[in-house]
Ligand SMILES: NC(=O)c1ccc[n+]([C@@H]2O[C@H](COP(=O)([O-])OP(=O)(O)OC[C@H]3O[C@@H](n4cnc5c(N)ncnc54)[C@H](O)[C@@H]3O)[C@@H](O)[C@H]2O)c1
């Protein structure tokens with residue numbers, strides 16, 4: 001059965017937090033191209049190279065319909081003033097401290113941005129009612145679950161990193177605010193998003209960096225190919241298309257606004273070693289010479305999970321969409337962009 005969903009409403013004002021970030025930038029750019037009014041907030045922190053964040057912003061500022069506010073969502077007063085001034089109809093909260101491993105040594109910033117910051121977003125939506133609040137959760141809420149694919153109805157009460165715990169907490173907080181104050185809210189569990197202008201802390205990006213700096217790449221699978229790690233990689237364009245289709249489709253029933261969570265993943269996990277081989281092939285193609293990474297095998301890190309695998313039927317049923325970009329195609333876009341951006345041969 002074909003699902004019926006409302007198309008993007010270009011007359012609305014969209015507030016995107018984390019607009020200088022990887023996903024926020026692409027979403028903002030897509031909405032601006034469609035003719036929407038977009039307000040972007042970002043504190044442009046230095047978790048990774050800020051030049052990349054400014055390079056993204058440089059592509060957004062030429063749009064007349066774009067306004068950028070440099071600020072921290074943990075600043076409740078600033079956030080209230082932005083809501084008061086711009087009166088956003090739809091809010092997409094992507095600002096957060098990302099990264100599983102970083103949360104082991106730097107827990108404070110996760111509480112500040114992901115818990116306090118998200119609480120401020122909920123409070124702003126409470127006092128300045130919106131048509132829809134969409135926010136980033138993560139596949140990491142599934143922890144070390146072994147039942148695959150991961151479905152939204154699965155038990156997710158055993159996060160194995162503080163990062164995952166903050167994302168699961170966001171889902172609980174959003175549920176409560178949605179229930180109490182009738183805020184239509186949707187959480188998105190992203191599964192390893194990749195693409196050009198992506199995040200330098202993620203494996204595909206850092207492996208490429210290491211190749212050019214002549215360093216070996218470290219693979220945390222114990223060198224055990226039989227027990228390989230699996231990841232559901234999702235290309236950025238698919239993520240943006242999925243979010244775009246959901247924007248005008250909050251879950252509203254006869255009882256009022258409701259909260260819902262969706263997986264957005266490729267539904268086709270790749271073995272880590274196959275993924276690395278594909279990256280080598282794509283880089284070889286971009287450079288016109290054979291690339292083989294020097295590899296060092298190490299044990300799995302605390303907080304890492306052995307596999308991620310998204311069941312995407314709920315998303316498909318709601319907005320008739322599921323990610324479909326093959327990893328070979330998506331990684332080729334990434335390596336082509338990388339060689340051009342960093343001017344490497
Ligand atoms: N990329 C992925 O694979 C992935 C997977 C699962 C979940 N997510 C989630 O999706 C969202 C976007 O991820 P991304 O990959 O674009 O990350 P990103 O780090 O590129 O973008 C996040 C942006 O938010 C900004 N930011 C962080 N804390 C802030 C604060 N307190 N106030 C204002 N701005 C702040 C950062 O400067 C950054 O530009 C995050 O919530 C992340 O946890 C991403």
Return yes when residue 191 is surrounded by 15 or more Cβ atoms within 10 Å (Cβ to Cβ) and modelled with pLDDT of 95 or more and no when it is not.
-> yes
Taking the range 156-179 and keeping residues more than 16 Å from the ligand (Cβ to nearest atom), assigned to a helix (DSSP H, G or I) and in contact (Cβ under 8 Å) with a residue 12 or more places away in the chain leaves 175, 177, 178, 179
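Residue by residue through the range 48-78, note down the ones that are within 9 Å of the ligand (Cβ to nearest atom), assigned to a helix (DSSP H, G or I) and surrounded by 17 or more Cβ atoms within 10 Å (Cβ to Cβ).
Across the range 48-78, the qualifying residues are 52, 53, 56.
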The one condition residue 122 fails out of (1) within 13 Å of the ligand (Cβ to nearest atom); (2) crowded, with 20+ Cβ neighbours inside 10 Å; (3) in a helix (DSSP H, G or I) is (1)
Would the range 87-98 turn up any residue that is surrounded by fewer than 17 Cβ atoms within 10 Å (Cβ to Cβ) and at pLDDT below 95?
-> no
Answer yes or no: is there a residue in the range 99-107 that is near the ligand (Cβ under 10 Å from one of its atoms) and modelled with pLDDT under 95.
-> yes
Inter-residue pairs, beta-carbon under 6 Å, first closer than 22 Å to residue 219 by Cα and touching a residue at least 60 places away in the same chain (Cβ under 8 Å) and in the range 89-109, second more than 9 Å from the ligand (Cβ to nearest atom) and not in a loop (DSSP other than H, G, I, E, B), 6+ apart = 103/110; 103/162
Quick one: in the range 301-310, of everything that is crowded, with 18+ Cβ neighbours inside 10 Å and in contact with a strand residue (DSSP E or B) (Cβ under 9 Å, 6 or more places away or on another chain), which residue is nearest to residue 5 (Cα to Cα)?
-> 310
Elements of type strands (runs of 3 or more DSSP E) in the range 204-302, at least 1 residues being within 16 Å of residue 194 (Cα to Cα) and at pLDDT 95 or above = 259-264
Checked against (1) more than 12 Å from the ligand (Cβ to nearest atom); (2) in a loop (DSSP other than H, G, I, E, B); (3) touching a strand residue (DSSP E or B) at 6+ places or on another chain (Cβ under 9 Å), residue 199 satisfies every condition except (1)
Qualifying positions in the range 287-300 - in contact with a helix residue (DSSP H, G or I) (Cβ under 8 Å, 6 or more places away or on another chain) and either farther than 15 Å from residue 219 by Cβ or loosely packed, with under 15 Cβ neighbours inside 10 Å (or both) | 287, 290, 291, 292, 295
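The values are calculated or read from the model by the stated rules, or taken from the named source; none is laboratory data. For clarity, every value in this text was computed on a predicted model and none was experimentally measured. Glycine also receives a Cβ, built like all others from the backbone with ideal geometry; neighbour counts cover every protein chain displayed.
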